[in-house]
Amino acid sequence: MMPRRGAAGPRRRRRPAPLNEDNGRFLLLAALIAAYLSAGATVFSALESPSEAAAQVRWNRTLHNFSRIFNISLPELRAFLRSYEAAMAAGIRVDALRPRWDFPGAFYFVGTVVSTIGFGMTTPATVAGKVFLIVYGLFGCAGTILFFNLFLERIISLLAFIMKACHERQLRRSGLLPPNFRRGSAMSGVGSLIGWKPSVYHVLLILGIFAIMLSCCASAMYTLVEGWNYVDSLYYCFVTFSTIGFGDLVSSQNAVYQNQGLYRFGNFIFILMGVCCIYSLFNVISIVIKQLLNWVLKKFRCRCCPKCHKSSTRLGRRNAITPGARLRRHKISLEADGQYDSDTDGRRLSGEMISMRELTASNKVSLAILQKQLYETANGYPRNVCINTRQNGFSAGVGALAIMNNRLAETSDSR
């Protein structure tokens, strides 16, 4: 009898499929967040647990002394305290406070709702109010998050515009641009800011400095008006601007303030700017964390997989000259998905030389460059655009050849 196929040899075990990069990033981030939460819980438990135990002992002592002195039983006294807690939840305090549901108080409340702060000092008590809050908060929170995202985009566009304007001004001073050069022309990239996106670390630094300055100014105002100490004011600013909103400290709650209208307006401006700034800062920090996770996954994959070493050696042989090696460490584009605006930008940061695709794409702007050079020649402008290229050993050209020569000049400079 013929032996059955596969009966003689052992069965081969299927190798597990490689982990997807997105799934690996998600699992790594989940593990880091779990470790971060565990570390935070350990620290806060060590710091606050003794204070909580001491406060509980003092409260029990005070409660028994009050019951003994005024001859009130502990059950009756606890029932009275439960009624007081219910009044506190409804917004009633012993000291005189501002009205909760007049128009300024209601406007303050809806501001804390749509910004997701939620102090908890004011809450709707009626069924109609709670139902309306569900619908109102659904659209209000979504619109406010969109506003925060657009605020970050405007910050990035403003920085890109400033960088481009400074670069054009430097070129005009050095004589590389004609005096009648206008912004937004064909030679200036059709007024586009795509190639001028700032580094993620520059945006992080600017937003961090602005957030610190804003918190310090707001804390000084709260210290003077509310009577808090400066550390409590800083703590309130972070809790409010980050939309955590514990509710232990809440501004603009007293019935009367000195210069009340001015203080409420300043409080509104500080909270609005602070929430926008901290939200944008969180977005930028999340991009940095994502880049860090990608770096960790890349290192882990390269150490575990021998094929990565072979591919990296082949890539190094292919690109013997890598002019973008230094830029790769410092100039990281501000993109949440890690994508570049074009294949040209990605190739430039990866260190590869100019390709035929890039050379072909450069013909789209070669006509404008040719017109510019002919215009300078006809009007007698000095051809000092080629000074740097001549110093590097590359002669200038016209059109796409000029772009390629400028790229080779940049390559020689980076070497």
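The values are calculated or read from the model by the stated rules, or taken from the named source; none is laboratory data. Note that the coordinates shown come from a computational prediction; the quantities given were computed from them, not determined experimentally. What goes into the accessible areas is simple: the full protein's heavy atoms, side chains included, and nothing from ligands, DNA or RNA. Shrake-Rupley method; radii C 1.70, N 1.55, O 1.52, S 1.80 Å.
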5 angstrom amide H check on G175, placed H, neighbours 5+ away: none
Rounded Å value of the spacing that divides the Cα centres of the stretch 190-265 and the stretch 44-110: 29 Å
For the stretch 118-162, fraction of C-alpha pairs farther apart than 11 Å, in %: 73 percent
In Å, descending, principal axis extents of the Cα set of the stretch 22-94: 66, 29, 21
For W228, solvent-accessible area (1.4 Å; no DNA, RNA or ligand), Å²: 40 Å²
